[in-house]
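One structure is given below, represented as structure tokens, and several questions about it will come after.
The values are calculated or read from the model by the stated rules, or taken from the named source; none is laboratory data. Model, not experiment: these values are computed from the prediction. FYI the Cβ positions are ideal-geometry reconstructions off the backbone, even for glycines, and counts take in every protein chain you see. Each accessible area value is taken on the protein alone, full model and side chains, heavy atoms only, with ligands, DNA and RNA left out. Shrake-Rupley method; radii C 1.70, N 1.55, O 1.52, S 1.80 Å.
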Amino acid sequence: MSAAAPSRDAIVATAQESIARGSKSFAAASRLFAPKTRERAWLLYAWCRACDDIADGQDHGHGMTGVSDGPARLAEISALTEAALAGIVVGDPAFDALRIFAAETALPPALARDLIAGFALDAQGWRPQTEQDLYRYCYHVAGAVGCMMALAMGVPAADDATLDRACDLGLAFQLANIARDVAEDAGAGRCYLPQAWLDELGIPADDMLAQPYRERLGQLGERLGTLAARYEASARLGTPALPFRSAWAVLAAAGIYGALGRKVAMLGARAWDRRVSTSGVAKIGFIVRAWREATQRATLYPPQPRDPSLWTRPR
């Protein structure tokens, strides 16, 4: 590393600012980690956030607009990421955050590249045709992140069983995100609801928010919420393999994000009248509940095989 390289402390501080601006929910949950794990979570978040912002032309997840130069943005993300994975000082705090994270966790480069493959799908204007397509997309943009977060918590890269549970949590989060953001995505010319689902209910992809289709669209919001809950339940079964504070943070995040999917399902046709969120008071409640769950995780989540009907990440 050259003398001009920014210090780890400086990059961690910038990463902390990024998570505070980009996700209050994840910022709150990250506070529950032990210090080293917390810093690694911030480092990973900073890189993911920067990639997402470059891909979507947004600022810390806000103000997404359609972009006309998707392939060029993807090339920039890929080049900076590959440099970071190679241990090169990039000079961009978010990508130097990945450089540090990769070195400290022995990150398999394939996981970082899997995330970028998700951005590539967006750059191509890709839309899921089937439910299996939806899961594949959710893996690339969130399930792979779940696996990388598990590495931050000390899970070995060879522990496929625990990484599968971590992937499940990423899928649960992304399914809830998709349910919550139907209107926002439509405004940016995107749709992550499988075409097969839309065809089943006679909903046109380019006019799904129109009043005549709102009730039927609400059914799809409920479907997404139900799927998110299944993957969340599977993810919880992986927490006994984690240290207490990591399990506490994971269970808090599961509760906070799970509430989003449940709220969309509950609101039905009204789910997109305004952006669904979780209040600060509710977040505190989930954190307290998660502490109790973490202390009893061996009893609450005894060993059992993962449900074979769930989608499984690529090896």
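Which ones in segment 255-309 are closer than 30 Å to GLN219 by Cα, among the small types (Gly, Ala, Ser) and part of a helix (DSSP H, G or I)?
Selection gives GLY255, GLY258, ALA259, GLY261, ALA265, GLY268, ALA269, GLY280, ALA282, GLY285, ALA290.
For ILE284, work out the one condition from (1) surrounded by fewer than 22 Cβ atoms within 10 Å (Cβ to Cβ); (2) touching a residue at least 12 places away in the same chain (Cβ under 8 Å); (3) aliphatic (A, V, I, L, M) it doesn't fulfil.
For ILE284, the exception is condition (2).
So which residues in segment 91-114 are open to solvent by less than 40 Å² (accessible area, probe 1.4 Å) and part of a loop (DSSP other than H, G, I, E, B), if there are any at all?
LEU107
Okay, moving on. Do you know which of the residues in segment 95-130 that are over 18 Å from the mean Cα position of the chain (by Cα) and of a type in the set (Asp, Glu) is farthest from LEU80 (Cα to Cα)?
GLU104
On to the next question. Looking only at segment 115-135, which residues are open to solvent by 20 Å² or more (accessible area, probe 1.4 Å), assigned to a loop (DSSP other than H, G, I, E, B) and not hydrophobic (A, V, I, L, M, F, W, C)?
GLN124, GLY125, ARG127, GLN129, THR130 - these are the residues of segment 115-135 that are open to solvent by 20 Å² or more (accessible area, probe 1.4 Å), assigned to a loop (DSSP other than H, G, I, E, B) and not hydrophobic (A, V, I, L, M, F, W, C).
Now, a different point. Within segment 202-223, count every residue that is within 23 Å of GLY125 (Cβ to Cβ) and either aromatic (Phe, Trp, Tyr) or surrounded by fewer than 19 Cβ atoms within 10 Å (Cβ to Cβ) (or both).
Number of matching residues: 7.
Just to check your reading of the model, which residue among ALA249, ALA229 is touching a helix residue (DSSP H, G or I) at 6+ places or on another chain (Cβ under 9 Å), among the hydrophobic types (A, V, I, L, M, F, W, C), assigned to a helix (DSSP H, G or I) and open to solvent by 10 Å² or more (accessible area, probe 1.4 Å)? Walk me through it before giving the result.
Numbers: ALA249 fails: open to solvent by 10 Å² or more (accessible area, probe 1.4 Å).
Only one candidate passes the filter, namely ALA229.
Return the residues of segment 104-117 that are closer than 17 Å to TYR45 by Cβ and hydrophobic (A, V, I, L, M, F, W, C); say none if nothing qualifies.
Within segment 104-117, LEU107, LEU111, ALA112, LEU115, ILE116 qualify.
Among the residues of segment 142-154, is there at least one that is surrounded by fewer than 18 Cβ atoms within 10 Å (Cβ to Cβ), in contact (Cβ under 8 Å) with a residue 12 or more places away in the chain and not charged (D, E, K, R)?
We begin by selecting, within segment 142-154, every residue surrounded by fewer than 18 Cβ atoms within 10 Å (Cβ to Cβ); these are 154.
Applying the additional criterion that residues be in contact (Cβ under 8 Å) with a residue 12 or more places away in the chain yields 154.
With the extra rule that they be not charged (D, E, K, R), the set shrinks to 154.
Yes.
Answer yes or no as to whether ARG223 is over 27 Å from ALA188 (Cα atoms), among the basic types (Lys, Arg) and without any contact (Cβ under 8 Å) to a residue 60 or more places away in the chain. Reasoning before the result, please.
On the way: over 27 Å from ALA188 (Cα atoms): no; among the basic types (Lys, Arg): yes; without any contact (Cβ under 8 Å) to a residue 60 or more places away in the chain: yes.
Taking the combined requirement at face value, the residue does not satisfy it.
With in contact with a Lys or Arg (Cβ under 6 Å, 6 or more places away or on another chain) and open to solvent by less than 20 Å² (accessible area, probe 1.4 Å) as the only criterion, which of CYS167, CYS138 stands out?
CYS167
Let me ask another. Say whether the condition of being assigned to a helix (DSSP H, G or I) and closer than 30 Å to ALA72 by Cβ is met by at least one residue in segment 154-163. Even if it seems obvious, please write down each step before you answer.
Our first condition is that a residue be assigned to a helix (DSSP H, G or I); within segment 154-163, this holds for 160-163.
Filter again for closer than 30 Å to ALA72 by Cβ, leaving none.
The answer is no, given that none of the residues of segment 154-163 is assigned to a helix (DSSP H, G or I) and closer than 30 Å to ALA72 by Cβ.
Considering only segment 15-37, how many residues are surrounded by 18 or more Cβ atoms within 10 Å (Cβ to Cβ) and touching a residue at least 60 places away in the same chain (Cβ under 8 Å)?
Residues in segment 15-37 being surrounded by 18 or more Cβ atoms within 10 Å (Cβ to Cβ) and touching a residue at least 60 places away in the same chain (Cβ under 8 Å): 10 in total.
Related question: Give all pairs with beta carbons closer than 8 Å in which a residue from segment 196-208 that is in contact (Cβ under 8 Å) with a residue 60 or more places away in the chain meets a residue that is open to solvent by 50 Å² or more (accessible area, probe 1.4 Å) and β-branched (Val, Ile, Thr); count only pairs at least 6 apart in sequence or on separate chains.
Between residues of segment 196-208 that are in contact (Cβ under 8 Å) with a residue 60 or more places away in the chain and residues that are open to solvent by 50 Å² or more (accessible area, probe 1.4 Å) and β-branched (Val, Ile, Thr), the close pairs are ALA196/THR130.
Here is a follow-up. Only residues that are outside any helix (DSSP H, G or I) and either touching a residue at least 24 places away in the same chain (Cβ under 8 Å) or surrounded by fewer than 18 Cβ atoms within 10 Å (Cβ to Cβ) (or both): list them for segment 80-90, please.
Here is the first cut: in segment 80-90, the residues outside any helix (DSSP H, G or I) are 86-90.
Residues satisfying the conditions are ALA86, GLY87, ILE88, VAL89.
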